[in-house]
1. Which residue is nearest to LEU271 (Cα to Cα), if the candidates are limited to region 353-377 and must be assigned to a helix (DSSP H, G or I) and open to solvent by less than 20 Å² (accessible area, probe 1.4 Å)?
2. Could you check region 401-411 and list, in sequence order, the residues that are open to solvent by less than 20 Å² (accessible area, probe 1.4 Å) and either under 22 Å from ASP273 (Cβ atoms) or assigned to a loop (DSSP other than H, G, I, E, B) (or both)?
3. Conditions first: (1) more than 25 Å from GLN144 (Cα to Cα); (2) touching a residue at least 60 places away in the same chain (Cβ under 8 Å). LEU130 passes all but one, so which condition is the exception?
4. For region 282-334, how many residues are among the small types (Gly, Ala, Ser) and touching a Ser or Thr at 6+ places or on another chain (Cβ under 7 Å)?
5. Taking the condition of being among the polar types (S, T, N, Q), assigned to a strand (DSSP E or B) and open to solvent by less than 70 Å² (accessible area, probe 1.4 Å), how many residues in region 73-93 meet it?
6. From the list ASN335, ASN326, exactly one residue is in contact with a strand residue (DSSP E or B) (Cβ under 9 Å, 6 or more places away or on another chain) and in a loop (DSSP other than H, G, I, E, B). Which is it?
7. State whether one or more residues within region 144-151 are open to solvent by 30 Å² or more (accessible area, probe 1.4 Å) and not in a loop (DSSP other than H, G, I, E, B).
8. Among the residues of region 342-352, how many are open to solvent by 40 Å² or more (accessible area, probe 1.4 Å) and under 21 Å from ALA278 (Cα atoms)?
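The values are calculated or read from the model by the stated rules, or taken from the named source; none is laboratory data. Quantities reported herein were computed from a predicted structural model and do not represent experimental measurements. With ideal geometry, Cβ positions are generated from the backbone for all residues, glycine too; neighbour counts draw on all protein chains shown. Quick note on the areas: whole protein, heavy atoms, side chains included, nothing else; ligands and nucleic acids left out. Shrake-Rupley method; radii C 1.70, N 1.55, O 1.52, S 1.80 Å.
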Amino acid sequence: MWCRRLAWLFEVPYQLRGSTRHRSLWLPCDRRTVPAAAARWHHTAPESLKCAWQLHGDHLELRYANTLMRFDFVWLRDHCRSASCYNAKTNQRSLDTASVDLGIKPKAVRVDETTLFLTWPDGHVTRYGLEWLVKNSYEGQKQQVMHPRILWNAEIYRQAQVPSVDCRSFLETDEGLKEFLQNFLLYGIAFVDNVTPTKEDTEILAERISLIRETIYGRMWYFTSDFSRGDTAYTKLALDRHTDTTYFQEPCGIQVFHCLKHEGTGGRTLLVDGFYAAEQVLRQAPDQFELLSKVPLKHEYVENVGDCHNHMIGVGPVLNVYPWNNELYLIRYNNYDRAVINTVPYDVVHRWYAAHRTLTTELRRPENELWVKLKPGKALFIDNWRVLHGREAFTGYRQLCGCYLTRDDVLNTARLLGLQA
C-alpha cells in the first residue's frame, strides 16, 4: 500500500492532543509537507520508495530499509544536529536537554527520499538523514553488533592459523600494529614474537597500544613462585581457568604475559574463549544464560602478607550483556575469588548453581582448551573480559613479567587505525 499511487484524498480528524492521542497517520515518504495536526493528508509515493511514516500522540513511527523505528518527540528534538544544537567540530551537544519541553510535538513533518524534516512549535527545523536514523535508532541498534568477534575452541583457533606479529613491525609500523589489534579484537588473544626478554622491553611493548593500569600489584608486575603475595598465582601449582581482578569494580581489560625464563618442566598456559562457552549455554539453556547475566555476585581478594594489606570487593554478574541486543561484553569468572553468596535469595540460589555448573562444564570441555607454551621472546596479550587463562603445574625456576592495560586506550588505538572496536 505504501508504494502504490493513490489518487484520492480523504478526511481524517487528527489531533496530537486530547482524546485522539492514540490515533495515527501512516504517510508514505514524499516531498509534500504535512502539518502534524492536519485534518487532510495524502497517500502518494513513487513505486520505488521503500519508506512510510506514521504520527502518534507522543512519537513518530518510521519504516525505512526494512526497519520499523519509533522515535519519541523529545528524543527527536534532543538529537538535532543543526549548528545551534550540535557542535560538529567537537562532536558535542550544544542544546540544553533540560530546556526541551517534555510535552513537545512537531508542528510539521516532511520526509523525502533521504531526509526527515521536523518543524517545531518555535519554528526551529530539525533534519535527519534516514540512514542515520536507521543506524542510531533503538531498533537499528538491536540488529547491530558492537564488537565483531570470531568465537573459537581449540580446533577453530588452530585452523585459523592466526599469525603472531614481529616485535619490530608491531613497534615501528602502523601495518604491524593494525594486524595485531585486528587479531586481538577478533579472537581476544594476540602474540608478539622476538621481544627482548626483559621487563623493560615488555613495558615498551605494552605502551605501544595503551596506558599501563597501575593496580595493587604495581605498574609492571614481575613474579616467580616465591609466594611473595598471598595468591595462588605465586606458587608452582596448577591454576584452573579464570579471569583476573574479578574483585575490582571494573576488572582489568587486557593482561600482558611474557615468560622471561623457565628452567624446568610444565607450566603451559591454558586459554579458553569464555564467550564461545557462554554461547553454547545460550543455545542449550537460554534461561540459565539469562540467570547468569542478571544475578549479582561478590568477588573479593583479602591479602595480609608483609607490607601488603588489601581487601578488594567487586560486584557483578558472571555474564555481562548489552541489554538492547543481548551481546556479551564481559565475563567475570573466578571460582578462587568468588565471595560468600549473600546477594541471592534462597529460591534463586539453587538455580544459579545449576546455571553456573552448565557454564563450567562448557568452559572445561577439553576441545575448548588451547594450551600454549610461553617462551622468552613471545609476549601474549589476553582480553581479560573475554578469555579465561590458567596454567599447568611446573617444576624449576620460572620468571614472568607483565601488566594490565586500560581497555579504553586499547580500543581507542584500534579505532584510530580504522578498526571497529
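1. ASN368
2. GLY402, TYR404, LEU405, VAL410
3. (1)
4. Residues in region 282-334 being among the small types (Gly, Ala, Ser) and touching a Ser or Thr at 6+ places or on another chain (Cβ under 7 Å): 2 in total.
5. Residues in region 73-93 being among the polar types (S, T, N, Q), assigned to a strand (DSSP E or B) and open to solvent by less than 70 Å² (accessible area, probe 1.4 Å): 1 in total.
6. Only one candidate qualifies: ASN335.
7. No - not one qualifying residue is present in region 144-151.
8. Matching residues across region 342-352 total 2.
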